[in-house]
Amino acid sequence: MPQCLIDDRKVEFTPGENLIEVAKKVGVEIPFFCYHPALTVVAQCRMCAVEVGMPGKDGTVQMMGKLQTACSTPPAEGMVVKTKTEKVLKNQKSVMEFLLINHPLDCPICDKSGECDLQDNSFRHGDSYMRYTEERRTYLDLDMGPVIKKNMNRCIHCTRCIRFGTEVAGIREMVAVQRGNNTEITTIDGRPLETDYAGNYADICPTGSLTLKNFRFRKRAWFLKKTPSVCEGCSRGCNIELHQDGNVVHRTLPRTNMEINKYWLCDEGRFNSDYVNDADRVVTPSLPGASGLAAVGWEQALGAARASLEGKALSVLVGSDLTQEEASNLKTFLGKQFPKASVFHYGTKGIKTAADDAAADKILKRKSRTSNLHGLEKLGYQGFTGLPAGTEAVLLFRGGRAELPDLSQARHVVGVGVFMKQDAAAFHAVLPGPSWAEKDGTIVNFEGREQKIRRSILPVGQSKNLSEILMLWANQGGKTGVA
Ligand code: SF4
Ligand code: SF4
Ligand code: FES
């Protein structure tokens, strides 16, 4: 493998890498703004400039007169790179001073604070004073639609957002208008963003210019506890981090996995967790009361649930939003407790089996809107095509994401898992279970990859793990004699 020397450390490189990436291998951090590994290199911000030299024929190293941008410079055999010389450090201070002349002193009220590249680079590589005394440039902030809040006074014109739109989201919606000091990043004609991947604009913006509307001012970044997990929004299984505080999931961010989702998430997956802490979620064992569902104790709810299924022709519907562990336990439970019941998996209208699942766009989204359709089929569950004739009662399991099928034909429905009050209004009992953010488990994506989801928060309200609910059911009732 070819080698170069970065700050006197020998490092091997693969042709195609740039100096920023190669330097990382030996623990040398070169600061940058406009570079992003998934986007075209434009070398605009000049923050990554370093000293570069090449050995001549006699072996002595000739350093180039001018600094070279590390993001656009490929390493070469024998190349010498210096990232901490006086010249480099002076350039970094100058670039920081230049980028900050128009930047407001917003950190105390900016949502990006604590995870902002501009703040971090200013602290590490900038100076503690600036010479600029003129009035700062300001922009009007037009609405960009429901996902992103724009504040262009904070923009450093790195163009990452423009490149993300055209190169990843496949839509030219962010542009730079005007020139020079008046340059402004905006959408074409000030229109709202159209892509289904708009949340990524906030992730890749290295400043607080593009932030998430639904997360702004909810929590400071440093209060959030982070759990690596997997998105349950479709059968892709994008890797995510769930950020919680006070047992409330506040946001979902992408976790890099170059084989599945690279650096990205679709908006549906990113904002999927809102239901977890929704005030309308049924989080207590509940039975029908005088005005809708009423909270009762676990014992009473289990007794009523069992009684309402007793002696009836039963169909069991298992959401393909359950984990492999849950679905496998459930199979054993159903075999013992309801050996004659018809059992199906369900999850997305129009997707009856794994064979119906396909790409829903050219980026990440899949047609199956649940994460474990392929796993349930692996366990032998059959796809739901409608309730068998004569079904009198339905026992319905749901992780929180599966689309409820039409159950109007069934006179008795018992729901186990995650339901909203309006969905469960006509149920005969609800036994609340955990959403995917409240449990550990395995899911299988459309390519057959097994991935682990991790518990980010404790079960909300009185919800219990499915294995516990099944154990209570079995212990309390023994065989029910349901037909
Ligand atoms: S809005 Fe953010 S990502 Fe876009 S150019 Fe400005 S700083 Fe860069
Ligand atoms: S593509 Fe699917 S798995 Fe990925 S973020 Fe969107 S919903 Fe989640
Ligand atoms: S990161 Fe190299 S010039 Fe911006």
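A few comments on the model shown:
- Helix 86-100 axis, angle to the chain major axis (alpha carbon atoms, nearest 10°): 60 degrees
- Placing +1 on the Cβ of every Lys and Arg and -1 on the Cβ of every Asp and Glu, with no other charges, gives the range 3-97 a dipole of roughly 220 debye about its Cα centre.
- Mean-position separation - Cα centroids, the range 64-79 and the range 142-197, in angstrom: 31 Å
- Inter-label distance, nm, simple model (7 Å from Cα along the C-beta direction), Gln300/Val248: 3.0 nm
- Using only side-chain charges placed at the Cβ, +1 for Lys and Arg and -1 for Asp and Glu, the dipole size of the range 286-477 relative to its Cα centre rounds to 220 debye.
- Span from the the range 242-259 Cα centroid across to the the range 313-333 one, whole angstrom: 27 Å
- Environment charge at Ile457 (Cβ cut-off 14 Å; Lys +1, Arg +1, Asp -1, Glu -1): +2
- Cα gyration tensor of the range 3-97 - equivalent ellipsoid semi-axes, whole Å, descending: 20, 16, 11
- Spin-label pair Ile109/Ala474, simplified geometry with 7 Å Cα→Cβ offset, distance in nm: 5.9 nm
- FRET efficiency for the Asp274 to Tyr132 pair, using the beta carbon distance and R₀ = 30 Å, is estimated at 0.10.
- Linear extension gain, Lys57 paired with Asp143, 0.36 nm per residue minus alpha-carbon span: 25.0 nm
- Of the residues Thr69, Met1, Asn277, the one whose Cα sits farthest towards the positive end of the charge dipole of the chain is Asn277 (charges of +1 on Lys and Arg Cβ, -1 on Asp and Glu Cβ, taken about the Cα centre).
- Projecting the Cα atoms of Gly415, Leu379, Ala425 onto the charge dipole of the range 357-427, computed from C-beta unit charges around the Cα centre, puts Leu379 farthest toward the positive end.
- Anisotropy class of the range 126-226 from Cα gyration tensor, a/c 1.5 cut: oblate
- Here r is the Cβ-Cβ distance between Arg220 and Glu310 and R0 is 45 Å; the resulting FRET efficiency, rounded to 0.05, is 0.30.
- Ordering of 11-17, 247-253 by packing [mean C-beta count within 10 Å, highest first]: 247-253, 11-17
- For the range 402-483: rounded, prolate or oblate by the Cα gyration tensor [a/c cutoff 1.5]: prolate
- The range 409-483 and the range 1-47 have their alpha-carbon centroids 48 Å apart.
- The range 286-477: C-alpha gyration tensor shape, a/c 1.5 cut-off, then a/b vs b/c: prolate
- Charge dipole magnitude, Cβ of K and R +1, D and E -1 - the chain, Cα centre, debye nearest 20: 280 debye
- Subtracting the Cα-Cα distance of Lys87 and Ala38 from their residue separation scaled by 0.36 nm leaves 14.7 nm.
- Across all C-alpha atoms in the chain, the radius of gyration and Dmax reach 27.8, 94 Å.
Values in this text are rule-based calculations from the coordinates and carry no lab data. Just so it is clear, the structure is predicted and the values come from calculations on it, not from any experiment. Neighbour counts run over all protein chains shown; Cβ positions are idealised from the backbone, glycine included.
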